[in-house]
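Take a look at the structure set out below.
Quick note: the coordinates plus some simple rules give every number you see, no bench work behind them. From a predicted model like this one, the values you see are computed outputs, not experimental measurements. Here the Cβ positions follow ideal geometry from the backbone for every residue, glycine too, while neighbour counts run over all protein chains shown.
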Amino acid sequence: MKVRILCLTAVLLLALVAGAAIAANADRTGTAGATELRIPNSARGLALGGGMVSDPGGLEMLYYNPAAIAGVTRVEAYFSNYSYIADITKNYVGVAAKTSYGTLAVTADVLSIGDIMETTEDNPEGTGRVFSPNWSILGLSYGRYMTDQVTVGATLKLISESVLQTHATGLAFDAGIQYRPGPKGVWLGLAVKNFGPNMRFTGSDFESFHSTSDNPQANGRSLASQSAAFELPGYFEIGARYLYPLGESASFTGFGTFQSNNFYSDVFELGGEFGLNDTFFLRGGGAITDNKDQLFGPAFGAGFSIPVGGTSKIVADYTMQTVRTYFDDTHMLAVKFVF
């Protein structure tokens with residue numbers, strides 16, 4: 001009884017925290033910051049439309065719901081490479097391990113947008129100097145079973161952004177719960193993502209030297225401006241999945257999730273996965289939204305799970321997501337090792 005009360009309390013707290021995200025305001029999209037938090041790192045999740053809040057898939061589903069890592073049985077290591085739009089690349093690595101107190105995971109995201117030629121007011125054609133912005137996210141996650149049907153989890157993320165001598169650092173928090181009710185093959189999930197204090201850019205690039213007099217011999221002053229603070233792109237998700245057996249060796253799993261955003265239009269995410277002998281998988285999915293400027297279209301992917309002695313295995317996934325205009329389609333490769 002105590003466990004059920006704790007689980008119900010966790011659900012209510014998540015719903016209360018999510019209240020800030022439910023009031024979506026797409027008109028404020030341009031004021032959001034740290035939007036790299038919304039770039040996925042799971043090839044399987046990307047192929048299934050992103051609606052994976054209810055999937056207990058272990059480390060590769062951590063991005064969607066931290067409660068998913070409760071299902072890690074021993075040790076998992078995951079790596080993905082995402083060729084995003086505009087030559088942006090995102091690399092992700094994570095390790096999760098089962099302990100007697102639950103599952104712990106450490107992750108790192110590094111976003112690269114390549115080299116940029118520096119331009120100034122005095123040198124609009126370029127100064128000859130080249131720089132590379134650095135954006136990274138470090139995460140520490142914990143998940144565990146509350147009962148044999150309920151898992152909970154949380155992630156604390158350290159965000160770092162750097163462009164030349166301009167820097168911003170912040171913290172974001174994710175929390176989630178997954179529940180397996182009576183019907184076999186059904187999982188429900190709920191998560192709140194990217195909640196934390198506002199961030200602000202600082203650094204010596206905000207400083208400038210100004211003369212205080214027409215006298216060339218007079219001393220000038222160094223003045224510093226201040227950037228406006230910006231909010232994190234938080235959102236709330238609730239969804240379900242259902243696994244339907246197709247004979248003894250095949251299965252089909254359907255996913256559906258509702259996502260409510262504090263900066264973007266609300267989204268319904270749908271996906272389906274066909275599996276054969278728990279070894280080969282075909283996937284497809286996409287989002288339904290009233291946003292006429294939606295950049296991304298449907299995604300498609302495939303994966304293999306290869307046993308490597310005993311219960312160890314290697315999982316390899318590939319996904320291509322269509323882009324409706326301006327940019328080329330995106331591609332993600334991922335590998336998971338289960339020891």
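Remark: C-alpha extents of the chain on the principal axes read 88, 44, 41 Å, sorted largest to smallest. Farthest toward the positive end of the dipole of segment 164-296, out of 252, 282, 226, is the Cα of 252, where the dipole comes from beta carbon charges about the Cα centre. Here residue 205 and residue 112 are evaluated by their C-beta separation; at R0 = 25 Å the FRET efficiency comes out at 0.80.
Basic side chains Lys and Arg get +1 at the Cβ, acidic Asp and Glu get -1 at the Cβ, and with that the dipole of segment 29-137 about its Cα centre reaches some 700 debye. Placing unit charges on the Cβ atoms only, positive for Lys and Arg and negative for Asp and Glu, gives the chain a dipole magnitude near 1560 debye about its Cα centre. With a cut-off of 16 Å, note down the residues of segment 325-339 whose backbone N falls inside the zone around a label point 7 Å from the Cα of residue 316 toward its beta carbon. Once the point is set 7 Å along Cα→Cβ of residue 316, 332-338 turn out to lie under 16 Å by backbone N, inside segment 325-339. Straight-line cross-link partners of residue 184 among the aspartates and glutamates, defined as a Cα under 20 Å from its Cα and at least 8 positions apart when in the same chain: 55, 148, 248, 273, 278.
Projecting the Cα atoms of 108, 315, 46 onto the charge dipole of the chain, computed from C-beta unit charges around the Cα centre, puts 315 farthest toward the positive end.
Under a 5 Å amide H cut-off, with hydrogens placed 1.01 Å from N, residue 146 pairs with 151, 152 among residues at least 5 apart or on other chains. A simple spin-label model places pseudo-atoms 7 Å from Cα toward Cβ; at residue 222 and residue 186 they are separated by 6.5 nm. The packing ranking, built from the mean of other Cβ atoms within 10 Å per residue, places the peptides 38-46, 187-195, 162-170 in the order 38-46, 187-195, 162-170, highest first. Measuring between alpha carbons in the structure, the pairs from 98/193; 90/292; 90/313; 193/313; 98/313; 157/292 lying more than 28 angstrom apart are 193/313; 157/292.
In this rough spin-label picture, where each label sits 7 Å from Cα along the Cβ direction, the residue 123-residue 292 distance is 4.3 nm.
Annotation note: trypsin sites (Lys or Arg not before Pro) in segment 93-152 located in DSSP loop regions with a Cβ neighbour count of at most 12 within 10 Å are 129.
Helix 2-22 and the longest principal axis of the C-alpha atoms of the chain enclose an angle of approximately 40°. Counting Lys +1, Arg +1, Asp -1, Glu -1, what net charge surrounds residue 268 among other residues with beta carbon under 15 Å of its beta carbon? Cβ neighbours under 15 Å give a net charge of -3. Within segment 164-196, which residues have the backbone N less than 14 Å from the label spot 7 Å out from residue 138 along Cα→beta-carbon, could you tell me? So the set is 169-172. Applied to segment 182-188, the Karplus parametrisation 6.51 cos²θ - 1.76 cosθ + 1.60 on θ = phi - 60° returns per-residue 3J(HN,Hα) values of x, x, 5, x, 9, 10, 10 Hz, with x for Gly and Pro.
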